[in-house]
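Q: Quick one: structure below, then a few questions.
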Amino acid sequence: MPESADTLDAGEQAATAARRPFGQRLAAAMAARGPLCVGIDPHPGLLAGWGLADDAEGLRAFSLTVVEAVAGQVAAVKPQVALYERHGSRGIAVLEETLAACAQADLLSIADAKRGDIGSTMAAYADAWLGEGSALAADAVTLSPYLGYESLRPALDLATATGRGVFVLGLTSNPEGASVQHVGGRDSVARRIVAAVARENAPVEALGSTGLVIGATVGPDLVRLGIELGATRAPILAPGLGAQGATGADMKAAFADCWPQILGTSSREILRAGPDRAALLQAALRTRDSLL
């Protein structure tokens, strides 16, 4: 089982006590820097476009350049874990270095790992991505609830204990997602996941630390399935801004009832501006400003 706040050692308890809950930290970052999360997605094509090799050294140069370019200017970054895993242990080492660089720069990190399992395996994932002392610990991690929402309990509880956060897949924009998420119509699987997240955040008065992943282009599905996000108190990670077709205006219309909760995510649209740091920052700021 994951460690509770009572079983953390003295150093870990001190670190946790000094860390405000993730929801509070994210709300402050969004208020100060705008509601944008920059995806760090080192696809082979982007590495090549930057003149970098598709290896661990190219991965490192790419990742740290993005962090250096946007630190202090956007609310968060989201490394895509799979694109580090494809490089094996060296890629994971680069991911660890990237997360450490984010922490040093006071830049919130969301590990896009989409983990989901049961029992002791889920507890191990929780320790890896949310546990004190783990080199992979991010400020938050994405989770898949499709083995049952309560299968995520080890991660939910450890995030609370350590002041970190999670983003639970709710309603995604990929066409295949509908075959699971939309089942049940007005009592859909997605609606039940959203309701579970709302219950998780019920004790807080502002933005909670249990978030949702809701695709930026699924506005019509939210209406058709009767899903209301405003009362969830959940930060909502909304991928799909830019290269996937959503605009800031589209998102404001789709998420009008919960706009203060939205953290728009853009990856390729911004990353194509690299490797020049100034150009990367300007691309990020243009995207951020479209959400203001």
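The values are calculated or read from the model by the stated rules, or taken from the named source; none is laboratory data. Since the structure is predicted, the reported quantities are computational estimates derived from the model, not experimental observations. Positions of Cβ are backbone-derived with ideal geometry, glycine not excepted, and every protein chain shown enters the neighbour counts. Heavy atoms of the whole protein, side chains included, go into the accessibility calculation; ligands, DNA and RNA do not. Shrake-Rupley method; radii C 1.70, N 1.55, O 1.52, S 1.80 Å.
Q: Take the alpha-carbon centre of segment 61-90, take the same for segment 189-240, and report the distance between them in whole Å.
A: Each part's Cα centre sits 26 Å from the other's.
Q: Right, another one. If you average the C-alpha positions of segment 102-128 and of segment 150-187 separately, how far apart do those two centres end up, in angstrom?
A: 14
Q: On to the next question. Non-local amide H neighbours of residue 108 (under 5 Å, H modeled in plane, Pro and chain starts lacking H): which ones?
A: Correct list: 77.
Q: Just grab the label-to-label distance for residue 272 and residue 195, each label 7 Å out from Cα along the Cβ direction, in nm (one decimal).
A: In this crude label model, residue 272 to residue 195 measures out at 4.2 nm.
Q: Counting each DSSP H run of 4 or more residues in the chain as -39500 (n - 2.57), what helix-only mean residue ellipticity at 222 nm follows after dividing by all residues, to the nearest 500 deg cm²/dmol?
A: Taken over the chain, the calculation gives -13000 deg cm²/dmol.
Q: Using θ = phi - 60° and the Karplus curve 6.51 cos²θ - 1.76 cosθ + 1.60, what whole-Hz ³J(HN,Hα) does each residue of segment 99-111 get, with Gly and Pro shown as x?
A: Couplings: 5, 5, 5, 4, 4, 5, 8, 6, 10, 5, 10, 10, 6 Hz.
Q: If you don't mind, another one. How big is the dipole moment of the chain about its Cα centre under a simple scheme where the beta carbon of each Lys and Arg is +1, that of each Asp and Glu is -1, and everything else is neutral? Debye, nearest 20, please.
A: 760
Q: At 1.4 Å probe size, with no ligands or nucleic acids counted, give the accessible surface of residue 89 in Å², nearest ten.
A: About 100 Å², ignoring ligands and nucleic acids.
Q: Taking the mean number of other Cβ atoms within 10 Å as a proxy for protection, how do you rank 160-166, 141-147 from highest to lowest?
A: Answer by packing, highest mean first, reads 160-166, 141-147.
Q: For the chain, what does the accessible surface come to per residue with a 1.4 Å probe? Please give it in Å².
A: Per residue, the chain has an accessible area of 41 Å².
Q: To continue, here is another question. Summarise the accessible area of the chain (1.4 Å probe, protein heavy atoms) by the percent that is carbon and sulfur.
A: C and S atoms contribute 53 percent here.
Q: Treating the beta-carbon of each Lys and Arg as +1 and of each Asp and Glu as -1, no other charges, what is the dipole magnitude of segment 151-254 about its Cα centre, to the nearest 20 debye?
A: 120
Q: Tell me whether segment 186-249 comes out rounded, prolate or oblate; compute the Cα gyration tensor, take square roots of the eigenvalues as a ≥ b ≥ c, and use a/c under 1.5 as the rounded threshold.
A: Verdict is oblate for segment 186-249.
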